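The values are calculated or read from the model by the stated rules, or taken from the named source; none is laboratory data. All values derive from a computational prediction rather than experimental measurement. Cβ placement follows ideal geometry from the backbone for every residue including glycine, while neighbour counts extend to all protein chains displayed. We work out accessible area using only protein heavy atoms, side chains counted, and drop any ligands, DNA or RNA first. Shrake-Rupley method; radii C 1.70, N 1.55, O 1.52, S 1.80 Å.
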Amino acid sequence: MTTKQSPKDKANIKSKSSASQLLSFLNYYITYPIALTLISYSFYLISFKYVDYQFIDEIFHIPQAQKYCNGDFHHWDSKITTPPGLYVLAYLYEKLLSFLPIDTVECDIPTLRSLNTIGGTIILPLCVTIPIARRYPTRLWISNVVLIPLITIYLNLFYTEVWSTIFILSSFTVSYLCPFGVKSSMLSSLLVFSSLWFRQTNIVWSAFNLVIGIDQKIRLENYTVEKFETKYQSLSKYLQFLKSWKVYSMIMEILVFMDTALGNILAIIPFLVNFVLFGVFLLYNQGITFGDKENHVSTIHFSQIYYCFLFMGFCGWPLILSRKSLAGYLQFSFGSMGKIIGTAMIYTMMAYTIKHFTVVHPFLLADNRHYTFYLWRKVIDSGTYSRYAMIPIYHFLMVLMLAQFAKGHRSTTNVVLVLGYMFCLFATIIPSPLFEPRYYILPYLYWRLLTDAGSVDDTLELFGWKFSGEQEILAKLGAEFIWNLVVNLAMLFVFINFEFSWDSEPEVIQRIIW
């Protein structure tokens, strides 16, 4: 028996369809070409006009890649901290280019950098953003991922960040969009294994990819807490005394997740193989880094969490800031005396971690080629209490960004997703003594790929303007695109025009990047 749709329902469906078509048009035919143009022009300016020399970490990566291109696979620079995946890829890239009608193919600076440019502007969209945008057309634009300020500069330099990101996020996309099973799990795990040849900490994010796959299985089967309670009645009765507490729903969500995981153990094995192999690597290597171990000693650096959300908020504010979100934050943090006391306790805990678990690496104080050098001196550590004055900003951004993340996942195991995300974020950045924004690329990209720009049923109030439904989505995606564009243009201007040199290297022109 079919139910007739009312004229209002038909109008809503038509409105949603029109909104999706408009967003798709802007995505593929307007904003993405603009992003490609900007990145291509940046590549020309950087590689052929202004920075035709090895820059910062390229002094390690480019000579090593050139050794591989020449067939010397035995030479290894002891200052390199990551596996040789980028150099193997450079070798294969050169061989591929040799089949093209080009007079001479060399592993020179522009050629090696172009590997990352192509990867970030073409391969990443094909493997990650386009499949997700097609499934969720109101979530993101391709350009808004390509132009994320944290990663854009690395599209035009020869660093490991781009291809490390491509492989681990391709694994995520398989887990997210494909039905969870042995075949999809094997493909996702193979992509994880490939990503580990570029950056070791990707093993942590592979655990989140597994969580995503299991969560999608739960969604597909519509496995609810109620169904779990029916299936395991004796266990549910045992936990009844907790039912009036909020912790009950959290426990039940975790149990639903565990039950689904145990029921699909064969699909989990490929991920477990990667974990075991990585454990063997740690034992053999006696640590996680390949070289330069004295400058990359693992530590407990809790302030990394606050720095991470600071940069994530800098990139993602168009998606989280509105009158409604501000009111929600004030209500959540200061809506009652109990909430005020709770917020004060959180502030106190944050102050304690800042005082006792802030690592000031010598590189942060000495290397003025990074924005963090100036951010630390001029803002975070500018005065006696300036580190603590940032606490309200850190707290504000953490609450809003996690709320937006959770909002897009009203699933049975929503708690597991948020906890899994936070665990991976903590595990990858807290051990690092270095304050480098490139460590926040994956935390932000995972957040962005799983965060909706809005809903056709919501209303956005921003700077006195009201946007409803598809207008809200368009406003947020448009604001995000314009913000990314402006920041990238500003960073390109600074990178090209602000030149200086060091007394120790007077012949080398230095510039500022993340």
*Hey, among the residues in the stretch 286-311 that are outside any helix (DSSP H, G or I) and of a type in the set (A, V, I, L, M, F, W, C), which one's nearest to the chain's Cα centre (by Cα)?*
302
*Does residue 89 satisfy the criteria of being free of Cβ contacts under 8 Å to residues at least 60 places away in the same chain, in contact with a helix residue (DSSP H, G or I) (Cβ under 7 Å, 6 or more places away or on another chain), surrounded by 15 or more Cβ atoms within 10 Å (Cβ to Cβ) and over 25 Å from residue 507 (Cβ atoms)?*
no
*Among the helices (runs of 4 or more DSSP H) contained in the stretch 141-200, which hold 1 or more residues that are closer than 26 Å to residue 221 by Cα and of a type in the set (A, V, I, L, M, F, W, C)?*
161-177, 182-195
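One line per residue, one yes/no per condition, for (1) modelled with pLDDT under 95; (2) loosely packed, with under 13 Cβ neighbours inside 10 Å:
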site: 359; (1), (2): yes, no
site: 363; (1), (2): yes, no
site: 366; (1), (2): yes, yes
site: 385; (1), (2): yes, yes
site: 390; (1), (2): no, no
site: 394; (1), (2): no, no
site: 397; (1), (2): no, no
site: 405; (1), (2): yes, no
_The conditions are (1) without any contact (Cβ under 8 Å) to a residue 12 or more places away in the chain; (2) surrounded by 17 or more Cβ atoms within 10 Å (Cβ to Cβ), and residue 370 fails exactly one of them. Which is it?_
(1)
_Residues satisfying the stated conditions in the stretch 121-165, i.e. of a type in the set (Gly, Ala, Ser) and under 21 Å from residue 188 (Cα atoms)_ = 133, 164
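Restricting to the stretch 120-140, what's the tally of residues that are farther than 24 Å from residue 308 by Cβ, of a type outside the set (A, V, I, L, M) and part of a helix (DSSP H, G or I)?
6
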*Among the residues of the stretch 264-278, is any at pLDDT below 90, surrounded by 13 or more Cβ atoms within 10 Å (Cβ to Cβ) and in contact with a helix residue (DSSP H, G or I) (Cβ under 6 Å, 6 or more places away or on another chain)?*
no
*Counting only residues that are over 25 Å from residue 301 (Cβ atoms), among the hydroxyl-bearing types (Ser, Thr, Tyr) and within 26 Å of the chain's Cα centre (by Cα), which one in the stretch 312-356 is modelled with the highest pLDDT?*
329
*Has the stretch 214-228 got at least one residue that is surrounded by fewer than 21 Cβ atoms within 10 Å (Cβ to Cβ) and in contact with a Lys or Arg (Cβ under 7 Å, 6 or more places away or on another chain)?*
no
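Which of the residues that make up the stretch 46-69 are among the hydrophobic types (A, V, I, L, M, F, W, C), surrounded by 15 or more Cβ atoms within 10 Å (Cβ to Cβ) and farther than 14 Å from residue 159 by Cα? Walk me through it before giving the result.
The first filter runs over the stretch 46-69 and keeps only residues among the hydrophobic types (A, V, I, L, M, F, W, C), leaving 46, 48, 51, 55-56, 59-60, 62, 65, 69.
Checking which are surrounded by 15 or more Cβ atoms within 10 Å (Cβ to Cβ) leaves us with 46, 51, 55-56, 60, 62, 65, 69.
Selection gives 46, 51, 69.
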_Test: residue in the stretch 441-452 that is on the phi > 0 side of the Ramachandran plot and modelled with pLDDT under 90_ = no
*Within the stretch 36-45, is there a residue that is farther than 30 Å from residue 507 by Cα, in a helix (DSSP H, G or I) and not acidic (Asp, Glu)?*
yes
*Given the conditions (1) under 24 Å from the mean Cα position of the chain (by Cα); (2) not in a helix (DSSP H, G or I), which single one is not true for residue 114?*
(2)
*From the list 104, 81, 111, pick out the single residue that is open to solvent by 60 Å² or more (accessible area, probe 1.4 Å), of a type in the set (Ser, Thr, Tyr) and farther than 30 Å from residue 26 by Cα.*
104
_So if I check each of 281, 302, 311, which one is surrounded by 15 or more Cβ atoms within 10 Å (Cβ to Cβ), in contact with a Leu (Cβ under 7 Å, 6 or more places away or on another chain) and not acidic (Asp, Glu)?_
311
